[in-house]
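Novice: Below you will find the structure I want to go over with you.
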Amino acid sequence: MLPNVPASAAPADLVIDYECTPVGTSSIVRHGPVRLTTNLTFATDLMVGDPLNFAWSLNYTGDGSRLQAPGYFGTGGQVHATGNVELRSSWVGILQPRGSSDPEDALRPDDPLGLPPMLNDPGLTNKAGKIRITPKNIELDFTPPDNSVVINDGEDTDNPSDMKIVYSGGWDSVDDRPSSEHHVHNDLHETTTMGASAELKFVGTSVEYIGPHDKDAGPVDIYIDGNKRATVDPSRDANDDPVNDDLDGGHTLWTSPELTYGEHTIKVQSASVKPVWVDAFEVSTATSQTPTGYHSALCKPVATPVSIEVTVRERTSPTDTGTPTGTPTTPTPDPTNPTSNPTGSSPSASQTHAATIAPPPVIVVPRVSGTGTTTATPKTTGPTATKYVRAQVSKIPKGGVDSGEAPDGPQEAPYGLLAGGAMLMMGSAGGGLLLRRRKAAHAGGVN
């Protein structure tokens, strides 16, 4: 596809290839660039108030490159993606569709990771205009699960997070302790050398130091990321009272404050020549399922991004497409005013507009006068109007025309009927005159 594609009513469907590179020291891009192919779709013809909704799908290409787990993690880790879509012309800004992958099973370093199936971010259009859409970079990150892991000797069977405790300055491994002492895996490390230390690098948000209470234990200095944070005395309990125990294991002797998610180091160091023990460390992660920025990657388009123009038009009022319902009622004319409008008003603009869409029945009102004949002139609303004629008599004679109009075709003049009537009238007049003459003669005695 070429840049600056003109807008069309059909949805835009852009295929864009990306190359992802690592960001930071613990990226999910671990062994060279990772290639992705993506489909970005959105509507290009909108009305004001419609959502400008992006649907952006992500897939791996066929070259075999994959995002990979940056370490050991429990069940629930996820890849998060944030796309960037640039808006220009009538709108200026960036929309950021987002999405997350399905939760992963337990992970080991370099296990392949799933991709978010879809990124979405609807933006509301609030004015008419043109928007030039250009896809930009995609940002990736891995969110570890919220859980904790106990690290003992650093061997793989004891240490599913692959974090190892490094002992320096002279330590002895004390194995096969009785289970009644409650040590992790029934073993621990011991030193009586002042300055001897045990150090752990971890990735998480907090850490605990686990060891025994013992009446003969010496003080221990604790450092986080090279800075001293506390001194604890395992010969005393939480109320600072001396204990009378011998290797009562499994106690949390110190807990760090909440840390920013990422790599940290804890170091415990003997502060005397009295015995000091290290049983284990417990590392916790609490990220609230949000990207941390620690396992990030940045994906850039392989080629110059394509731009698509979106048109946002003013929303018009709904068009009236309804048709009249019910049976039309014939208005009654006013005999004293043949030109009166029986409806009492002229059609409104909306009624005229509706007539051009679906013509209503036309009622023909006859003109009435005292002695003249009636002529019905149909009123039309356009070339498609339908003519309806009202019957002019209340009862139609047998053989008459149903509509009340004169039958079509030529008619013979009624001359015979007129002549017969005239002869009948003349005969009646003659008969009456003869009767009067007879009555007069009788009265005068004339035969």
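The values are calculated or read from the model by the stated rules, or taken from the named source; none is laboratory data. All values reported here derive from a predicted model rather than from experimental measurement. Positions of Cβ are generated from backbone atoms using ideal geometry, with glycine treated the same way; all protein chains shown enter the neighbour counts.
Novice: Does the stretch 14-37 contain any residue that is under 19 Å from the mean Cα position of the chain (by Cα), of a type in the set (A, V, I, L, M, F, W, C) and either over 25 Å from Val302 (Cβ atoms) or part of a loop (DSSP other than H, G, I, E, B) (or both)?
Specialist: Within the stretch 14-37 (the criterion being under 19 Å from the mean Cα position of the chain (by Cα), of a type in the set (A, V, I, L, M, F, W, C) and either over 25 Å from Val302 (Cβ atoms) or part of a loop (DSSP other than H, G, I, E, B) (or both)), the answer is no, since none of the residues qualifies.
Novice: Against the condition in a strand (DSSP E or B), surrounded by fewer than 16 Cβ atoms within 10 Å (Cβ to Cβ) and in contact with a Pro (Cβ under 6 Å, 6 or more places away or on another chain), how does Thr252 come out, does it pass?
Specialist: no
Novice: On the basis of being in the same structural domain as Cys20 (by TED's automatic domain parsing), touching a Pro at 6+ places or on another chain (Cβ under 6 Å) and in contact (Cβ under 8 Å) with a residue 24 or more places away in the chain, does Pro122 make the cut?
Specialist: Spelling it out, Pro122 is indeed in the same structural domain as Cys20 (by TED's automatic domain parsing), touching a Pro at 6+ places or on another chain (Cβ under 6 Å) and in contact (Cβ under 8 Å) with a residue 24 or more places away in the chain.
Novice: Turning to a different aspect of this structure: In the set Lys136, Lys127, which member is surrounded by fewer than 20 Cβ atoms within 10 Å (Cβ to Cβ) and part of a strand (DSSP E or B)?
Specialist: Going through Lys136, Lys127 in turn, just one is surrounded by fewer than 20 Cβ atoms within 10 Å (Cβ to Cβ) and part of a strand (DSSP E or B): Lys136.
Novice: Is it the case that the stretch 231-239 has a residue that's touching a residue at least 40 places away in the same chain (Cβ under 8 Å), surrounded by fewer than 18 Cβ atoms within 10 Å (Cβ to Cβ) and of a type in the set (Lys, Arg)?
Specialist: For the stretch 231-239, residues touching a residue at least 40 places away in the same chain (Cβ under 8 Å), surrounded by fewer than 18 Cβ atoms within 10 Å (Cβ to Cβ) and of a type in the set (Lys, Arg): absent.
Novice: Then there's this: Count, please, the residues in the stretch 173-190 that happen to be over 12 Å from Asp279 (Cα atoms) and assigned to a strand (DSSP E or B).
Specialist: Count: 0.
Novice: Could you say whether any residue in the stretch 267-275 is assigned to a loop (DSSP other than H, G, I, E, B), free of Cβ contacts under 8 Å to residues at least 60 places away in the same chain and crowded, with 16+ Cβ neighbours inside 10 Å?
Specialist: Checked the stretch 267-275: no residue is assigned to a loop (DSSP other than H, G, I, E, B), free of Cβ contacts under 8 Å to residues at least 60 places away in the same chain and crowded, with 16+ Cβ neighbours inside 10 Å.
Novice: Can you name the number of the only condition in (1) farther than 28 Å from Glu199 by Cα; (2) acidic (Asp, Glu); (3) at pLDDT 90 or above that Asp111 fails?
Specialist: Going through (1) farther than 28 Å from Glu199 by Cα; (2) acidic (Asp, Glu); (3) at pLDDT 90 or above one by one, Asp111 breaks only (1).
Novice: Hey, can you tell me all the residues within the stretch 101-122 that are outside any loop (DSSP other than H, G, I, E, B) and buried (at least 17 other Cβ atoms within 10 Å of the Cβ)?
Specialist: Leu107, Leu119
Novice: If you don't mind, there's one more thing I want to ask. So which residues in the stretch 149-178 are of a type in the set (S, T, N, Q) and modelled with pLDDT under 90?
Specialist: Asn152, Thr157, Asn159, Ser161
Novice: Please indicate, with yes or no, whether at least one residue in the stretch 219-229 is touching a helix residue (DSSP H, G or I) at 6+ places or on another chain (Cβ under 9 Å), among the acidic types (Asp, Glu) and not assigned by TED's automatic domain parsing to the domain that holds Asn137.
Specialist: no
Novice: Can you pull out every residue in the stretch 71-113 that is over 25 Å from the mean Cα position of the chain (by Cα), among the acidic types (Asp, Glu) and within 21 Å of Thr37 (Cα to Cα)?
Specialist: Correct list: Asp111 only.
Novice: Among the residues of the stretch 87-98, count how many are free of Cβ contacts under 8 Å to residues at least 40 places away in the same chain and either of a type in the set (A, V, I, L, M) or buried (at least 18 other Cβ atoms within 10 Å of the Cβ) (or both).
Specialist: Residues that pass the stated criteria total 1.
Novice: May I ask you to list the residues in the stretch 34-64 that are buried (at least 16 other Cβ atoms within 10 Å of the Cβ) and under 19 Å from Ala81 (Cβ atoms)?
Specialist: Val34, Arg35, Leu36, Thr38, Leu40, Phe42, Asn53, Phe54, Ala55, Trp56, Leu58, Tyr60
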